[in-house]
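The values are calculated or read from the model by the stated rules, or taken from the named source; none is laboratory data. The structure presented is a predicted model; accordingly, all values stated were derived computationally and were not measured. Note: ideal-geometry Cβ built from the backbone for every residue, glycine included; neighbour counts use all protein chains shown.
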DNA sequence: GCCAACGTTGGC
DNA sequence: GCCAACGTTGGC
């Protein structure tokens, strides 16, 4: 089982929304690296750190898990969608998404606190210029964060 | 609002 | 294939 960090802007969709909805289809990813993680590497049951970005207090706010394998993102075919991709066709879909479901809300593990942990210094999230909305989390990082969230 | 960093586009 | 221009991300 792998582990992931997934970013969402809470003004668009926050962890409480995920708890309310029971699951979310992670549509709208239009970056090839993030797509490839979903398509090639994400499996049902993989752990997910739910991260709030572009907000007052960026950081990890909850735990979730992958609940459905990657499948075509239908918004790519919809000319009225902001995620429309004229080069994608149902015969040759370009974009996929997984679903995730909530495990539990956690305390805020804020970005500055993450930065202050030497154990997390190599996190993909912290790497210079990283903008990926989906990044892998190493097992040691995952376990450290889970322990840290309890303190 | 600023701006660094990065990805994508498209002309050549 | 190169690369300038442009758009987006996301912390501050």
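What to note about this one:
- Test result for residue A:106, more than 15 Å from DNA strand B (Cβ to nearest atom), within 27 Å of residue A:28 (Cα to Cα), surrounded by 15 or more Cβ atoms within 10 Å (Cβ to Cβ) and touching a residue at least 40 places away in the same chain (Cβ under 8 Å): yes
- Only one of the numbered conditions (1) at pLDDT below 95; (2) closer than 24 Å to residue A:149 by Cα is violated by residue A:58, and that is (1).
- Qualifying positions in the range A:57-100 - over 16 Å from residue A:39 (Cβ atoms), touching a strand residue (DSSP E or B) at 6+ places or on another chain (Cβ under 7 Å) and surrounded by fewer than 15 Cβ atoms within 10 Å (Cβ to Cβ): A:57
- Residues in the range A:1-27 that are free of Cβ contacts under 8 Å to residues at least 24 places away in the same chain, assigned to a loop (DSSP other than H, G, I, E, B) and more than 11 Å from DNA strand C (Cβ to nearest atom): A:13 alone.
- Candidates A:43, A:30, filtered to the one that is in contact (Cβ under 8 Å) with a residue 12 or more places away in the chain, surrounded by fewer than 19 Cβ atoms within 10 Å (Cβ to Cβ) and under 22 Å from residue A:139 (Cα atoms): A:43
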